[in-house]
Amino acid sequence: MLIETEATPNPASLKFLPGRAVAGSGGTREFASPEAAEASPLAQALFDTGEVTGVFFGSDFVTVTAAPGVHWSDLKPAVLSILLDHFVSEAPLYPPGSAAGIAVPSDPDDAPLYADRAEDADIVAQINELIDTRVRPAVAGDGGDIRYRGYRDGVVYLQMQGACSGCPSSTATLKHGIEGLLKHYVPEVTEVRAA
């Protein structure tokens, strides 16, 4: 089995492509701490290296974020070994019988910042369609994902995940790329903010 790697705009993150489905159509999942990684044996094994600060499962990739001061030339062989062992053994991402793979808010921080108002339903639908069709594929190409977190009074709240969450250019991506796109197609949008 060959696992390819791709650089991401975030120098601390590397995208690993095993050539098969990872999260598949089940959505994406981010692990930002060793405690969160306990939900997945693969994520936990990556955190157990002691040199990983983030793991992100995309549809067909795994993005790993190295701890500050860790060089990819040192960490990459260990990550590749863990990923190879996992995918060759065809182990599941989550323990059998667990709900760990279901996208359910686990704490209040995962809930939308604002409950969408009924009068904004058309605007929110347009925003989500643009995110799903135009933004999400581009962000996934960089090893991450983007989550809609709310809309209120012209302001769209989005959360960057995976390689994009700590990327030095994520602010520029939000403000110049995504904000411009949303303003162009949805005139009611006046600003995009990171959640």
Checklist entry - In the stretch 57-71, which residues are of a type in the set (A, V, I, L, M, F, W, C) and either part of a strand (DSSP E or B) or within 12 Å of ARG20 (Cα to Cα) (or both)? => result PHE57, PHE61, VAL62, VAL64, ALA66
Item to check | Selection from the stretch 165-195 of residues that are in contact with a strand residue (DSSP E or B) (Cβ under 6 Å, 6 or more places away or on another chain), of a type outside the set (A, V, I, L, M) and closer than 26 Å to PHE57 by Cα | outcome: SER170, GLU179, ARG193
Checklist entry - Which of the residues spanning the stretch 45-93 are surrounded by 17 or more Cβ atoms within 10 Å (Cβ to Cβ) and acidic (Asp, Glu)? => result GLU51
Checklist entry - Within the stretch 1-56, can you find the residues that are acidic (Asp, Glu) and part of a loop (DSSP other than H, G, I, E, B)? => result GLU38, ASP48, GLU51
Item to check | Given (1) in contact with a Gly (Cβ under 6 Å, 6 or more places away or on another chain); (2) part of a helix (DSSP H, G or I), number of the condition TYR157 does not satisfy | outcome: (2)
Checklist entry - Pick from the stretch 41-76 the residues that are over 14 Å from the mean Cα position of the chain (by Cα) and of a type in the set (Ser, Thr, Tyr): which of them is farthest from THR28 (Cα to Cα)? => result SER73
Item to check | Members of the stretch 6-28 that are surrounded by fewer than 16 Cβ atoms within 10 Å (Cβ to Cβ) and hydroxyl-bearing (Ser, Thr, Tyr) | outcome: SER25
Item to check | Inter-residue pairs, beta-carbon under 6 Å, first in contact (Cβ under 8 Å) with a residue 12 or more places away in the chain and in the stretch 43-70, second outside any loop (DSSP other than H, G, I, E, B) and basic (Lys, Arg), 6+ apart | outcome: PHE57/ARG29; PHE61/LYS15; THR63/LYS15
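Throughout, read-outs are computed from the coordinates displayed, never taken from laboratory work. None of the values given here were measured: they were computed from a predicted structure. So basically every Cβ, Gly included, is an ideal-geometry build from the backbone, and we count neighbours across all protein chains shown.
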